[in-house]
Amino acid sequence: MKNASISRLEKLLTAGEFVVTAECGPPRGSNRERIIEKGKLLQDVVDALNVTDNQTAIVRMSSIAASIHLLNIGLEPVMQMVTRDRNRIALQSDIMGAYSLGIRNILCLTGDHQSFGSQPDAMNVFDIDSMNLARTVREMRETGQDMSGHELDEAPKMFVGAAANPFADPFEYRVIRLAKKIDAGADFIQTQCVYNLERFREWIKLAREEGLTDRVHILPGVTPLKSAGMANYMNNRVAGMDVPEAVIQRMAGVPKKDAANEGVKICLETIAELREMEGIHGIHIMAIKWEEIVAGIVEGAGLLPRPDLGVS
């Protein structure tokens, strides 16, 4: 896998398979065994693993290093890269370095503001935004040149991802922004967690009508809830999140000892509905500090075994 020229994720999506990706956060330290332990929970369960880049502006092992640890045990990473911490020189350098090490997927993000993280006094960069990062990766891949027009001895042929939030306001701008990310270079899109299925259904309908689902692979995000408190927190404190009151009340209506099981049931029901929507190409499971539940969710959703296609 390390020397593959095209990622497994790209091959599966191109072949029309319904893919499964998940998230794997690097540790707050240098112990590689922590990321390997998480990765082993997801072997043979998902097609690729997102490796976060100092998520929520908390200092962690670098996404590149953590991605390599996963690659070395046979997993395919989707390296996340945020523009908060690097200028365009460092971003391009890390893209080339990551590709040279065998990383073939990148998810381009702006990144959470440092004021929300563990070192709020840190300086941010934001030299370019996530849309321009996606454009940069695409142009490096297709032209074989860096941003200054310098010819590269080998182009980093990354499979480019971006994020989308169907639930942020104004809603009418969500599909316009999706189109801009596709125009910039996104090959696949992973969305914010889906709880409000009606609003998501409207968003994907608009995307279909604009022909966007024929131009990009869309993977809606799902996150199993552990408690009614988590549902309330995500709805009230996480920007752009939309957890309907009916979901919150459903979580509150079961005994605390059964809440996590109820959250998994809701997640499975959501996946079932998403699979019925035209224009959906897979799912992205974000089990926050709960990697051990992912295998059960994928199995419960009827998505095992994962396809091979001879691309591992």
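Just so it is clear, none of the values below were taken in a lab; they were calculated from the coordinates. What you see is a predicted model, and the numbers here were worked out from it, not measured in a lab. Heads up, the Cβs are rebuilt from the backbone with ideal geometry, glycines too, and the neighbour counts pull from every protein chain shown.
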*Do you know which residues across the stretch 84-131 are in a helix (DSSP H, G or I), under 27 Å from Ala48 (Cα atoms) and either free of Cβ contacts under 8 Å to residues at least 24 places away in the same chain or of a type outside the set (D, E, K, R) (or both)?*
Ala90, Leu91, Gln92, Ser93, Ile95, Met96, Gly97, Ala98, Tyr99, Ser100, Ser130, Met131
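Going by the structure shown, is Gly240 out of contact with any helix residue (DSSP H, G or I) (no Cβ under 8 Å at 6 or more places or on another chain), touching a residue at least 24 places away in the same chain (Cβ under 8 Å) and on the phi > 0 side of the Ramachandran plot? Write out each step before concluding.
Working: out of contact with any helix residue (DSSP H, G or I) (no Cβ under 8 Å at 6 or more places or on another chain): yes; touching a residue at least 24 places away in the same chain (Cβ under 8 Å): yes; on the phi > 0 side of the Ramachandran plot: yes.
In short, yes.
Taking the stated definitions as given, is Glu139 under 20 Å from Ile182 (Cβ atoms), surrounded by 15 or more Cβ atoms within 10 Å (Cβ to Cβ) and among the acidic types (Asp, Glu)?
Numbers: under 20 Å from Ile182 (Cβ atoms): yes; surrounded by 15 or more Cβ atoms within 10 Å (Cβ to Cβ): yes; among the acidic types (Asp, Glu): yes.
Spelling it out, Glu139 is indeed under 20 Å from Ile182 (Cβ atoms), surrounded by 15 or more Cβ atoms within 10 Å (Cβ to Cβ) and among the acidic types (Asp, Glu).
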*Residue count, the stretch 250-277 (criterion: closer than 17 Å to Thr191 by Cβ, of a type in the set (A, V, I, L, M, F, W, C) and not in a helix (DSSP H, G or I))*: 1
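For residues in the stretch 172-210 being outside any loop (DSSP other than H, G, I, E, B) and of a type in the set (Val, Ile, Thr), which is surrounded by the fewest Cβ atoms within 10 Å (Cβ to Cβ)? Let's see the steps before the verdict.
Within the stretch 172-210, the first condition is being outside any loop (DSSP other than H, G, I, E, B), and the residues that meet it are 172-184, 188-193, 197-209.
With of a type in the set (Val, Ile, Thr) added as a condition, the list becomes 175-176, 182, 189, 191, 204.
Values: Val175: 21, Ile176: 11, Ile182: 20, Ile189: 23, Thr191: 23, Ile204: 24.
It comes out as Ile176.
What number of residues in the stretch 93-127 are hydroxyl-bearing (Ser, Thr, Tyr), out of contact with any Lys or Arg (no Cβ under 8 Å at 6 or more places or on another chain) and closer than 18 Å to Ala65 by Cα?
So the first thing to find is which residues in the stretch 93-127 are hydroxyl-bearing (Ser, Thr, Tyr), and the list is 93, 99-100, 110, 115, 118.
With out of contact with any Lys or Arg (no Cβ under 8 Å at 6 or more places or on another chain) added as a condition, the list becomes 93, 100, 115, 118.
Applying the additional criterion that residues be closer than 18 Å to Ala65 by Cα yields 93, 100.
Of the residues in the stretch 93-127, 2 are hydroxyl-bearing (Ser, Thr, Tyr), out of contact with any Lys or Arg (no Cβ under 8 Å at 6 or more places or on another chain) and closer than 18 Å to Ala65 by Cα.
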*Tell me, which residue of the stretch 48-83 that is part of a strand (DSSP E or B) and of a type in the set (A, V, I, L, M, F, W, C) is farthest from Pro307 (Cα to Cα)?*
Val82
*Among the numbered criteria (1) surrounded by 21 or more Cβ atoms within 10 Å (Cβ to Cβ); (2) out of contact with any Ser or Thr (no Cβ under 8 Å at 6 or more places or on another chain), which single criterion is violated by Ala287?*
(2)
*Condition broken by Ser118, with the remaining ones in (1) surrounded by fewer than 22 Cβ atoms within 10 Å (Cβ to Cβ); (2) of a type outside the set (D, E, K, R); (3) in contact with an Asp or Glu (Cβ under 6 Å, 6 or more places away or on another chain) satisfied*: (3)
